[in-house]
Amino acid sequence: MRYGLVLMLVGFLPSLYAEEASGESPAPYVERQEKEFKFYPGGKVGINLGVPGSIRVVGWKQGTVRLEAEKIVFYATGEKAREFLAEPPVRIRHNDTSVTIGVSGAPVPPAILEVNLTLYVPGDRTDILIQMQQGDLSLEGVNGWIEATLGEGSLDVRSVSGYFSASTLKGDINVEMSDLRWRGQEFAALTREGAVELRLPVGYSAALQLETRNGNIAVDYPPQEVDGELLPPEIVIKDATQLLRASVGDGGAPVKLSTQSGDVRLERAVP
């Protein structure tokens with residue numbers, strides 16, 4: 001059974017959800033927190049998730065940042081979990097143009113702490129720097145200078161623009177572009193072990209560079225017209241490496257996706 005308290009947007013008030021269980025494996029203890037504060041477009045957000053969990057960043061039209069945090073503790077009893085969370089593992093520093101979110105303080109094994117963060121930021125322009133230990137990252141509808149480093153976890157990116165650079169040691173990369181071209185300097189994402197999927201609207205303009213060093217490249221995207229002839233993107237194969245370099249539409253900013261071990265797929269985005 002779970003118990004909840006209504007959260008206010010101001011302050012950083014926890015809502016506690018305790019679950020009781022019988023047997024040798026007690027249910028996790030869950031605590032949720034929320035906070036919203038003024039933040040000007042063009043500001044910088046830094047997130048360091050030092051425990052397992054996930055991060056979801058969504059761009060919106062408001063001049064505020066909203067944080068929703070879910071802390072899940074696997075402990076012998078709910079009482080011990082509450083004692084551990086008495087010193088909050090999520091720490092926030094912020095002003096009107098800068099936000100720093102740090103998550104640390106894992107309990108002594110065999111206890112486990114997992115933290116899932118959802119962050120709403122001004123979509124017009126917010127610069128973001130993310131570091132994650134273990135978990136998935138999702139970004140949607142954000143324009144800005146975005147950099148992310150994942151130890152282990154998958155990456156899901158939709159409708160971003162500006163400058164984007166991300167890497168993960170182990171995890172899939174799923175990217176879907178919007179509009180008619182990449183609006184910004186460059187998009188680049190790398191995984192050492194995982195599959196890569198890129199979806200583009202028909203008529204999209206960009207300079208593509210897709211690479212796998214131990215896998216296959218598959219294309220389900222309309223061929224480009226060159227001198228009146230329809231030509232599919234050329235895939236160069238050398239040893240275990242496959243490389244696709246193609247200018248789609250009118251060309252433009254580079255979109256680079258690569259994996260050292262995994263398949264790559266380019267396909268049209270569903271309207």
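Among the residues of the range 89-98, some residue qualifies, meaning at least one is crowded, with 19+ Cβ neighbours inside 10 Å and of a type outside the set (Val, Ile, Thr).
Take the range 125-145 and flag every residue that is within 14 Å of the chain's Cα centre (by Cα) and among the β-branched types (Val, Ile, Thr). Those that are within 14 Å of the chain's Cα centre (by Cα) and among the β-branched types (Val, Ile, Thr): Ile128, Ile130, Val142.
The residues of the range 179-196 that are farther than 18 Å from Gly135 by Cβ and assigned to a strand (DSSP E or B), listed by number, are Arg181, Gly184, Gln185, Glu186, Phe187, Ala188, Val196.
Of all positions in the range 186-209, at least one carries a residue that is loosely packed, with under 15 Cβ neighbours inside 10 Å, of a type outside the set (Lys, Arg), farther than 29 Å from Pro122 by Cβ and modelled with pLDDT under 95.
Looking only at the range 57-85, how many residues end up being of a type in the set (S, T, N, Q) and either within 22 Å of Arg125 (Cβ to Cβ) or touching a helix residue (DSSP H, G or I) at 6+ places or on another chain (Cβ under 9 Å) (or both)? Walk me through how you get there before you give the answer.
Quick first cut of the range 57-85, residues of a type in the set (S, T, N, Q) only: 62, 64, 77.
Filter once more, so that each one left must be either within 22 Å of Arg125 (Cβ to Cβ) or touching a helix residue (DSSP H, G or I) at 6+ places or on another chain (Cβ under 9 Å) (or both): 62, 64.
Adding up the residues that qualify gives 2.
Does at least one position in the range 227-240 carry a residue that is part of a strand (DSSP E or B), in the same structural domain as Arg181 (by TED's automatic domain parsing), more than 23 Å from Leu180 (Cα to Cα) and under 25 Å from the mean Cα position of the chain (by Cα)? No, because not a single residue in the range 227-240 is part of a strand (DSSP E or B), in the same structural domain as Arg181 (by TED's automatic domain parsing), more than 23 Å from Leu180 (Cα to Cα) and under 25 Å from the mean Cα position of the chain (by Cα). Among the residues of the range 153-178, write down those that are within 11 Å of the chain's Cα centre (by Cα), touching a residue at least 40 places away in the same chain (Cβ under 8 Å) and either in a strand (DSSP E or B) or more than 13 Å from Ser138 (Cα to Cα) (or both). Ile173, Val175 - these are the residues of the range 153-178 that are within 11 Å of the chain's Cα centre (by Cα), touching a residue at least 40 places away in the same chain (Cβ under 8 Å) and either in a strand (DSSP E or B) or more than 13 Å from Ser138 (Cα to Cα) (or both). Name the pairs whose Cβ atoms lie under 6 Å apart, with the first residue in the range 60-84 and charged (D, E, K, R), the second in a strand (DSSP E or B), and 6 or more positions between them or separate chains? Between residues of the range 60-84 that are charged (D, E, K, R) and residues that are in a strand (DSSP E or B), the close pairs are Arg66/Glu36; Arg66/Tyr120; Glu68/Glu34; Glu68/Thr118; Glu70/Arg32; Glu70/Asn116; Lys71/Glu31; Lys71/Val115.
In the range 220-255, the residue that is modelled with the lowest pLDDT out of those that are over 26 Å from Ser161 (Cβ atoms) and of a type in the set (A, V, I, L, M) is Val226. Considered as a group, the residues in the range 146-166 that are crowded, with 18+ Cβ neighbours inside 10 Å and among the hydroxyl-bearing types (Ser, Thr, Tyr) include one that is nearest to Gly50 (Cα to Cα), and that residue is Ser154.
Considering Val90, Val115, Val73, Val108, the condition of being at pLDDT 95 or above, within 26 Å of Glu31 (Cβ to Cβ), outside the structural domain of Gln185 (by TED's automatic domain parsing) and not charged (D, E, K, R) is satisfied by Val115 alone.
The values are calculated or read from the model by the stated rules, or taken from the named source; none is laboratory data. Just so you know, these numbers come straight off a predicted model, no measurement behind them. When we count neighbours, we look across all protein chains shown, and the Cβ atoms used for this are built from the backbone with ideal geometry, even at glycine.
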